[in-house]
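Take a look at the structure below.
The values are calculated or read from the model by the stated rules, or taken from the named source; none is laboratory data. Given the structure is predicted, the values throughout are model-derived calculations rather than measurements. No Cβ is skipped: glycine too gets one built from the backbone with ideal geometry, and neighbour counts run over all protein chains shown. Calculation scope for accessible area: heavy atoms of the full protein, side chains included, ligands and nucleic acids excluded. Shrake-Rupley method; radii C 1.70, N 1.55, O 1.52, S 1.80 Å.
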Amino acid sequence: MRMKIFVGGMNCFHCVERVSEVLKNIGAKDVDVSFVKSAATINITSSITDKLIKSAIEGAGYEVLAIEKN
């Protein structure tokens, strides 16, 4: 399943790397993060929940503003 996550608090390439890292660590594939768009797009399996995504991103110090499923 493809998802778009809107992330608050990203303002540099280090932020992009950190958000990418935590998403990959929970099993997300095809991770594409942009601080310009304040968003990440990922592919996930059904075992990865919105709650897990939110917990991982917020644990890294960022805010999940919204999650869209495509």
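Residues of the range 2-42 that are among the charged types (D, E, K, R) and in contact (Cβ under 8 Å) with a residue 60 or more places away in the chain: Arg2, Lys4. Consider the range 6-30 and keep the residues that are part of a helix (DSSP H, G or I) and polar (S, T, N, Q). The one that is most open to solvent (accessible area, probe 1.4 Å) is Asn25.
Could you check, for the range 1-17, whether at least one of its residues is small (Gly, Ala, Ser), within 10 Å of the chain's Cα centre (by Cα) and at pLDDT 95 or above? I'd like the intermediate steps shown before the answer.
Taking the range 1-17 first, the residues small (Gly, Ala, Ser) are 8-9.
Remaining after also requiring within 10 Å of the chain's Cα centre (by Cα): none.
Checked the range 1-17: no residue is small (Gly, Ala, Ser), within 10 Å of the chain's Cα centre (by Cα) and at pLDDT 95 or above.
For the range 41-70, a residue qualifies if it is surrounded by 14 or more Cβ atoms within 10 Å (Cβ to Cβ) and of a type in the set (Val, Ile, Thr), and the qualifying residues are Thr41, Ile42, Ile44, Ile48, Ile53, Ile57, Val64, Ile67. The residues listed here are Val33, Val64; of these, the one that is touching a Leu at 6+ places or on another chain (Cβ under 9 Å) and in a strand (DSSP E or B) is Val33.
The set of residues in the range 36-61 being within 17 Å of Cys15 (Cα to Cα), basic (Lys, Arg) and not in a loop (DSSP other than H, G, I, E, B) consists of Lys54 alone.
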